[in-house]
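As structure tokens, the structure follows; a few thoughts come after it.
The values are calculated or read from the model by the stated rules, or taken from the named source; none is laboratory data. All values derive from a computational prediction rather than experimental measurement. Backbone-built Cβ (ideal geometry, glycine too); neighbour counts: all protein chains shown. Ligands, DNA and RNA are excluded from the accessible area calculation, which covers all protein heavy atoms including side chains. Shrake-Rupley method; radii C 1.70, N 1.55, O 1.52, S 1.80 Å.
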Amino acid sequence: MRLENYICLVMAKSSKSNKVSTSTANQIQITNKKATPPILSQWFVHAIIIVIAAILAFGNTHDHEYAGDDQMYTYGNVYTRNGIKGIPDILTKDSFHGFWGDSPDFAKRYFRPLAIVTFAIEREISKNAPPPLDFNPYRSHKINILFFAITLLLIYRLQRKFLFPQYPYIALISTLLFAVHPIHCEVVASLKGRDELLSMLFVVLTLNLGFAYALNPKWKTAIGLGVAYLLALFSKENGIMLLFLFPLTLWIFQTQNLKKIAFAALPLLITFIFYIGWRLYFIGFNPSVPSTDVLSNFYYGKPFWVKYATIFSILLFYLQLLFFPHPLSWDYSFAQMPFRDFTDPIAIIAVLIYVGSIFWAIKTLKDHKMGSSISLDKILAFSILFFVGSLFIVSNLVINIGGYIGERFLFQASLGFCIFLATIFWYIYQNQKLGSFSTTAVIITLAVTLILALQKTISRNKDWFNGYTLVMRDVVAAPNSTKTNAAAGGQLVEKANQMPANSPEREALLNQAIPLLTRAIQIHPGYAQAAMELGTAYFLKNNLDSAQKYYLQAYKYKPNYPTLLQNLCRLYNQKAIEYYNQKNLNLAIQSAEIATNYDPKHANAWSNLGVFYSAIGQYDKAIHAFSKATEIEPQNAEYWYSLGWAYGLKEGETAQNAKAIVAYQKALQINPNHTSARAALQRLQK
């Protein structure tokens with residue numbers, strides 16, 4: 001049954017109660033049909049069941065490798081590699097600075113240090129272990145499972161102790177639904193997802209401590225509340241919505257006294273001000289012009305009605321993923337999700353569902369009175385507002401967050417969905433008017449739902465085993481995404497690059513990669529990463545002209561991309577060698593000069609340039625080129641030998657050629673078995 005049907009059912013029951021008594025307006029009155037065995041309602045039994053569910057759902061990730069963007073927080077982050085010594089930098093720099101450096105695309109935009117701090121601590125533990133054990137993804141995945149289990153227990157405790165203690169089974173069912181939902185694989189099975197995981201953990205801890213503080217205000221609890229909220233904010237920006245969600249939750253389930261609510265929320269406000277001050281002081285603010293690239297600014301140049309119709313369509317797609325999480329993908333970006341306007345039925349339906357749900361929730365809560373027992377319709381109203389409130393910050397309705405759609409964005413919001421679904425299950429189970437058949441039907445439906453969700457989660461986890469398994473699976477799930485095509489093609493190129501040259505396996509991988517990468521730049525011609533990977537595929541096939549075409553296409557959009565500049569240097573260096581072998585020295589020199597311009601630190605390109613200049617008798621330029629090579633790689637004996645050779649060609653092989661003697665001696669010092677350098681030195685010293 002879809003969400004809108006559930007809402008209609010709840011509203012129908014609410015309307016029916018209005019005809020009976022005004023004192024019970026907007027409340028669903030439930031009478032228990034049968035008592036449940038006391039042992040089954042005990043919190044510790046529920047806690048054991050919840051932990052078992054967490055292990056069953058994500059236990060098969062314990063031996064996973066790195067996948068997706070994991071490297072940005074782990075082995076690819078310079079501050080993480082420094083272990084504990086890197087923590088001061090992690091806490092005072094943009095969170096992607098350790099991976100991207102001073103790239104203007106990421107500077108001063110993201111501050112999520114807590115997850116990176118945990119990886120730095122892990123790194124410190126195994127810092128002295130031999131590679132690859134110095135970075136241990138297996139341990140990291142086990143820690144993720146632990147964090148997830150703790151989060152689940154906090155979710156259960158929040159509901160059972162503070163929100164609706166009279167409904168322990170709603171707390172249990174909603175927590176189990178959250179535990180096994182496949183939409184959470186991107187967060188729990190991904191190490192990069194630890195920022196979302198820790199954010200949720202500390203958001204729920206903050207709510208637990210917030211209620212404890214509101215019930216019994218003590219300064220120790222206030223400090224704990226502030227610390228928990230700061231850790232939530234240091235995990236990810238999602239915690240900002242607690243400034244709205246905590247007072248709302250307090251108002252629904254505990255008190256309507258605005259002064260008491262403001263007092264209870266004061267530690268959060270003080271903590272938020274501290275967080276903003278810290279972020280502005282150390283990270284600063286990036287007032288850069290919005291990106292014109294559709295991959296980072298999906299709605300750039302689109303009319304506002306197209307932007308917001310598309311956003312609501314995506315919000316409807318989120319509901320679809322929650323009810324029917326298949327197929328799943330790490331990416332749904334351009335052009336997997338089409339643009340829409342408000343003439344599109346999908347956009348209209350989305351607006352009706354969200355606006356209608358919010359209107360019903362607010363209308364229900366208007367009649368909320370403290371002192372009366374919590375009714376199921378008020379739990380439903382809370383679940384809707386928690387879902388919408390959590391989703392708001394990642395919806396792009398107000399702020400462009402860079403990514404416009406992602407399963408990870410549902411992690412916090414899905415708690416509201418799970419509470420909603422659990423409440424519906426409990427209402428049907430306890431409703432006498434539906435007869436005894438409803439009891440059996442609900443139990444079977446719930447059991448099947450949990451089993452199917454668990455099976456899908458376990459299966460989806462396997463896709464996240466490593467980067468290769470993930471992208472090769474998801475390019476099938478999201479075939480119209482330029483990123484999924486580019487990522488799959490890039491993984492194939494990387495794998496081919498590790499194969500022996502001209503091997504059948506290498507050729508097969510490259511032949512598989514080229515159509516995917518071609519598809520990626522057909523979808524988005526400005527995707528520099530895809531064009532670069534396509535150029536590399538052709539380079540490995542020794543099709544230098546095609547490699548040049550796609551490298552230059554990438555250069556048009558990313559002229560300062562270091563990897564691309566290195567690849568262009570490598571390309572022109574190879575072209576220079578081919579021209580030299582063809583006795584075309586002018587084109588060889590021209591290509592080698594271009595190579596060194598793209599990457600002035602490529603020693604081999606300088607050395608080849610020296611060879612080419614020597615061949616046409618321009619010895620000063622040859623000496624300059626060889627000298628550059630020795631500066632870049634001073635421990636390369638071959639470059640020192642070539643430098644001595646160039647000096648010998650210019651000044652003659654005589655005992656007076658001191659510079660040649662020094663160069664040959666340096667080559668022999670590095671490599672005493674360098675026979676050519678020894679023979680040349682002996683000739684000079686005769």
Read-out Rg/Rh (Cα atoms, Kirkwood Rh), derived from the coordinates shown; its label in (1) 1.41; (2) 1.09; (3) 0.97: (2)
By average C-beta atoms within 10 angstrom, highest first, the peptides 240-249, 599-608: 599-608, 240-249
Centre separation in Å (Cα based) which lies between segment 619-685 and segment 236-264: 75 Å
Entries of 142/220; 575/621; 628/659; 236/558; 192/558; 575/601 with Cα pairs more than 22 Å apart: 142/220; 236/558; 192/558
Listed peptides 44-52, 444-452 by packing density, highest first (mean Cβ within 10 Å): 44-52, 444-452
Cα gyration tensor shape of segment 123-240, rounded if a/c is under 1.5, else prolate or oblate by comparing a/b with b/c: oblate
At 1.306 mPa s and 10 °C, Stokes diffusion of segment 597-654 via Kirkwood alpha-carbon radius, µm² per second: 145 µm²/s
Å² per residue, accessible surface of the chain at 1.4 Å: 44 Å²
Cα gyration tensor shape of segment 198-249, rounded if a/c is under 1.5, else prolate or oblate by comparing a/b with b/c: oblate
Protein accessible area in segment 486-618, 1.4 Å probe - carbon and sulfur %: 48 percent
Rel. contact order, % - alpha carbon contacts under 8 angstrom, at least six apart, the chain: 12 percent
Dimensionless Rg over Rh [segment 548-601; C-alpha; Kirkwood]: 1.02
Unit charges at the beta carbon, dipole of the chain: most positive-side option, 561, 303, 325: 325
Helix-only CD estimate at 222 nm, as mean residue ellipticity for the chain, using -39500 (n - 2.57) per DSSP H run (n ≥ 4): -21500 deg cm²/dmol
Kirkwood Rh in Å, taken over segment 440-519 so that all alpha-carbon pairs contribute: 14.6 Å
Span-like helix ranges in the chain, DSSP H, alpha carbon extent 27 angstrom or more, Kyte mean at least -1.0: 137-157, 194-215, 258-282, 304-323, 345-366, 436-463, 504-523, 562-581
Per-peptide average of other Cβ atoms within 10 Å, ordering 384-396, 497-509, 75-87 highest first: 384-396, 75-87, 497-509
Area of residue 465 that stays accessible when all protein chains are in place (1.4 Å probe, Å², to 10): 70 Å²
Cα-based equivalent ellipsoid, segment 293-362: semi-axes from gyration tensor eigenvalues, Å: 21, 18, 10
Computed over segment 547-673, Kirkwood Rh from alpha-carbon pairs, angstrom: 15.1 Å
